Amino acid sequence: MSVQYYEGIGRRKESTARVRVASGSGLFTINGKPVEQYFGRTGDVETIVGPLKAAGEDRATLDITAMVEGGGTTGQTDAVKMGLARALILMNPEWRPAMRKGGFLTRDPRVKERKKPGLKRARKAPTYTKR
């Protein structure tokens, strides 16, 4: 017997998250750990479940599994949020306007700027000395 699930991929900075949503008992795991254990910072879990609130869906009725790799905590949080929003849209296309309004479908284009030759970092120039 195969379980019906919906999958969405989210990206932010260097992070990529593959999120699967299925009807179930409210399990929410990220890389095999409970979401509260994986993201320990205050507010991260609230950020991730934003798409669920926008859809008016109860977290206790869905099993959500995410595999995240790359980047840091903030990038991974936003990648999971976007992946969850994309999976929910596949589950119910009527939620698209709510997701769009909440900004959950727009990929954040900001990434680390490359270092330029002659500079110390992307924009920091060496200290000017007159003599």
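Laboratory data are not the source of any read-out in this text; all were calculated from the coordinates shown. Because the structure is a prediction, the values reported are computed rather than measured. All Cβ positions, glycine included, derive from the backbone under ideal geometry; neighbour counts span all protein chains shown.
Residues Leu88, Leu105, arranged from fewest to most other Cβ atoms within 10 angstrom of their Cβ, appear as Leu105, Leu88. Centre-to-centre separation between the Cα atoms of segment 84-131 and those of segment 1-28: 22 Å. From least to most packed, judged by other beta carbons within 10 angstrom and beginning with the fewest, Ser25, Ser15 follow the order Ser25, Ser15.
In terms of surrounding Cβ atoms within a 10 Å radius of their Cβ, Leu52, Leu119 rank from fewest to most as Leu119, Leu52.
Of the GluC sites (Glu not before Pro) in segment 23-131, the ones in a loop by DSSP (not H, G, I, E or B) with at most 11 other beta carbons within 10 Å are Glu113. For the chain, the number of Lys pairs separated by eight or more positions or lying on different chains, with C-alpha atoms closer than 21 Å, is 14. Once the Cα atoms are used to define both axes, helix 73-91 deviates from the longest principal axis of the chain by about 40 degrees.
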